[in-house]
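The values are calculated or read from the model by the stated rules, or taken from the named source; none is laboratory data. Everything numeric in this text was worked out from a predicted model, so none of it was measured. Cβ: placed from backbone, ideal geometry, glycine included. Neighbour counts: every protein chain shown. All accessible areas refer to the heavy atoms of the entire protein, side chains included, with ligands and DNA or RNA removed. Shrake-Rupley method; radii C 1.70, N 1.55, O 1.52, S 1.80 Å.
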Amino acid sequence: MARKYSSESSDEDGVRNHRDRKGRHRHSSKRDSRSSYSHRDRDHDHDRRDDESERSRHHDDGRTSHRDRYSRRYSEDEDDREDRKRAERRRDRKDDDHKESRRRTEDDDNDVRSSSRYREDVKEQRENSKPQETNLNTDVSNLGKSGGVYIPPFKLARMMKEVQDKSSVEYQRLTWDALRKSINGLVNKVNATNIKNIIPELFSENLIRGRGLFCRSCMKSQMASPGFTDVFAALVAVVNTKFREVGDLLLRRIVLQLKRAYKRNDKPQLLAAVKFIAHLVNQQVAHEIIALELLTVLLENPTDDSVEVAVGFVKDCGSILQDLSPKGLHGIFERFRGILHEGEIDKRVQFLIEGLFAIRKAKFNGYPAVRPELDLVEQEDQWTHEISLDEEIDPEITLDIFKPDPNYLENEKRYEELKKNILGEESEDEEGSDAGSDGEDEDDDEDDSDGEEEEMMEIKDETETNLVNLRRTIYLTIMSSVDFEEAGHKLLKIKLEPGQEMELCIMLLECCSQERTYLRYYGLLGQRFCMINKVHQENFEKCFVQQYSMIHRLETNKLRNVAKFFAHLLGTDALPWHVLAYIRLTEEDTTSSSRIFIKILFQELSEHLGIRLLNERLSDPTMQDSVESIFPRDNPKNTRFAINFFTSIGLGGITENLREYLKNMPRLIIQQQNALSESDSSGSSDSGSESESESESSESDSGRDEKRRKRRRR
């Protein structure tokens, strides 16, 4: 059909060109005729003028009246001739205009006919190339394609029910349209208050099949309303915990959108993409390396717009970058400082950079990484995707387009099983409750028994949500207080349930161990609690035993802080000294970590009390049972080990009693052996006499044998 149209159009063009040439020839012939006519008139006039001049010459005899009459007639003829020429010119112009207008209308009619013919040919070609669709039980021609004719939801549901073949292409198309509308509706109505209700509904849809639709809907909604970017990022973070390919696809598409907007200088689209990436970094769906790469690209060749975008990006995700990559964020701020010193950007942008430095000085107060109501995913459950701006990205646009699935029913069954694992079998529980309610209506006795069982039932929180909240409250109170008195006053106001006092001691010890260097603040706070309540004193004693048993798991810094903390409690008598009985100082019972712990513990005690007072305290007779395991006297080997240990750490003065004991140990051993021999002598007197007689006889026999040998030698 295309060739036919081209041949017809070429014929029409040839006819049109022939008409144009013919019209131009006609106009040229008219001009020639008019020019020839004018030349004849001029020749005729010249001849007449010559005749008149001759007549005037021959008739100069006074015939002036005749000459005047002739001259008037000649002038009148010339005027008429000029009028006729003007009239002919006007007529020719009118004819030419009429013919030109007629030719234009004919050309327009030909163009209209050719364009309508071309449309008919294209329509026929499309109809011929369109695949023949199989008919459903209902009229499928009125169903429409994706984005085509609107079908009410009730009518769409009725059509889906009337379809017999669930694996047909038409049924798959209907379910695809329903999936698209459902995902768009859920994403459009999500906000910070209803996100927890939207998430189960979203997981009930087939997100594996509609992952492209979900990503496209999230990007369009975020572009339309950038103020809800953190909500969309939280929604993506929850979905990413179960389907990591969805988070990876969305991140790749956003990065591709960012690169396109950056190349096209499309500032609104760039701002939306940058904001989305910032909140995905906050939710740890995207790695922080992409944030640093993006800031490096924006600040490499700074302009007013690029610096403004970079400032907004740092405001959104600077809080988490300060925790995850402080050195990288420091380098970015150094670049900001360099741009500020160069002074090549606008004053307004310079003020933005100065405001950003003020926000950083306030530790991004007012710009949290994640709002509490959107903190829905635990850190260990999240999947973080690493992607670079230099990589070649495949957006997988085909996932947004409907494609028939030959294994449609099998894939749907698999997702149903996966959905039950994610959401739990809520439907079965509801059915069980309905059946139970029917049974209660039938039998009144069962009603009473069920009511008693419900009263006896206790609900236990296995997630330990209350415990986590209590620890968070204790931690924030400890870290936000100015001094230990304020912290103790605030912590005593916290209502603790029976058995939760131990959590207070554990959190205090954990906060102390996390510091870079030991702070006396924690020792004073622990001392205050031990003095206030004996329960806390017992809990700190349990913490001492627990920490010493797991001392090999701690790092050197944590080990030092814990040892100094307990040394403070022992030095102030906030903790009883009998806890030292749990320490056994021998080569076999100690490790390198436990020796470091004992070393720091006794060095801090000597600095706090002094070597003389410490020695007196350890030499107290009432303390001997507690320090017997630290200064062992059961074996000379263990005694020497203890003496050498304390001497090597500079505390040999507290081993004087142990040294005297080691010196007197041989005499004590002899005395012990004599006492044992005296006790055994009375019982072994008879055996001693018999042994003496036997020894005498043996000596006499040996003397006789020697005499015989001498005689033989002679």
Can you give me the number of residues within the stretch 203-218 that are part of a helix (DSSP H, G or I) and buried (at least 19 other Cβ atoms within 10 Å of the Cβ)? 8
Pick out the one residue from I387, I393 that is at pLDDT below 90 and in contact with a His (Cβ under 9 Å, 6 or more places away or on another chain). I387
Condition check: in contact with a helix residue (DSSP H, G or I) (Cβ under 7 Å, 6 or more places away or on another chain) and among the basic types (K, R). Does R180 satisfy that? yes
Can you tell which of L249, L271, L280, L235 is open to solvent by 30 Å² or more (accessible area, probe 1.4 Å), assigned to a helix (DSSP H, G or I) and either modelled with pLDDT of 95 or more or not hydroxyl-bearing (S, T, Y) (or both)? L271
For the stretch 351-378, which residues satisfy the criterion of being closer than 14 Å to A310 by Cβ and surrounded by 17 or more Cβ atoms within 10 Å (Cβ to Cβ)? L352, I353, L356, I359, R360
Note: among K166, K196, just one is open to solvent by 20 Å² or more (accessible area, probe 1.4 Å), outside any helix (DSSP H, G or I) and of a type outside the set (G, A, S), namely K166
Out of D620, D625, I need the residue that is within 19 Å of V545 (Cα to Cα) and out of contact with any helix residue (DSSP H, G or I) (no Cβ under 6 Å at 6 or more places or on another chain). Which one? D625
Listed by first then second residue, the pairs whose first member lies in the stretch 201-222 and is under 14 Å from I401 (Cβ atoms), whose partner is surrounded by fewer than 19 Cβ atoms within 10 Å (Cβ to Cβ) and among the hydrophobic types (A, V, I, L, M, F, W, C), with beta carbons under 6 Å and at least 6 positions apart or on separate chains, are G210/L179; G212/L399
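The rows are residues; the columns are (1) at pLDDT 90 or above; (2) open to solvent by 50 Å² or more (accessible area, probe 1.4 Å); (3) assigned to a helix (DSSP H, G or I).
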site: L492; (1), (2), (3): no, yes, yes
site: K495; (1), (2), (3): no, yes, no
site: C512; (1), (2), (3): yes, no, yes
site: C530; (1), (2), (3): yes, no, yes
site: C543; (1), (2), (3): yes, no, yes
If we keep just the residues of the stretch 219-232 that are over 14 Å from the mean Cα position of the chain (by Cα) and among the aliphatic types (A, V, I, L, M), which is surrounded by the fewest Cβ atoms within 10 Å (Cβ to Cβ)? A224
Please work out which residue is least open to solvent (accessible area, probe 1.4 Å), limiting yourself to the stretch 309-349 and to residues that are touching a residue at least 40 places away in the same chain (Cβ under 8 Å) and of a type in the set (G, A, S). G318
So, L508, is that one crowded, with 21+ Cβ neighbours inside 10 Å, free of Cβ contacts under 8 Å to residues at least 60 places away in the same chain and under 21 Å from E486 (Cα atoms) or not? yes
So which residues in the stretch 601-612 are within 58 Å of the chain's Cα centre (by Cα), in a helix (DSSP H, G or I) and of a type outside the set (V, I, T), if there are any at all? L601, F602, Q603, E604, L605, S606, E607, H608, L609
When (1) more than 23 Å from D381 (Cα to Cα); (2) hydroxyl-bearing (S, T, Y); (3) surrounded by fewer than 19 Cβ atoms within 10 Å (Cβ to Cβ) are applied to S306, the one that fails is (3)
Filter the stretch 169-193 for residues that are crowded, with 17+ Cβ neighbours inside 10 Å and charged (D, E, K, R) and give the result. E170, R173, D177, R180
Please verify whether the stretch 564-582 includes one or more residues that are farther than 27 Å from V535 by Cβ, more than 49 Å from the chain's Cα centre (by Cα), surrounded by 15 or more Cβ atoms within 10 Å (Cβ to Cβ) and among the hydrophobic types (A, V, I, L, M, F, W, C). no
Only one of these is of a type in the set (S, T, N, Q), in the same structural domain as K542 (by the TED database) and not in a loop (DSSP other than H, G, I, E, B): N638, N561, N615. Name it. N561
What pairs can you find where one residue is in the stretch 404-422 and closer than 18 Å to L174 by Cα, the other is part of a helix (DSSP H, G or I), and their Cβ atoms are less than 6 Å apart, with a gap of 6+ or different chains? P404/V169; P404/Q172; Y408/Q172
D381 being surrounded by fewer than 16 Cβ atoms within 10 Å (Cβ to Cβ) and within 30 Å of N197 (Cβ to Cβ): yes
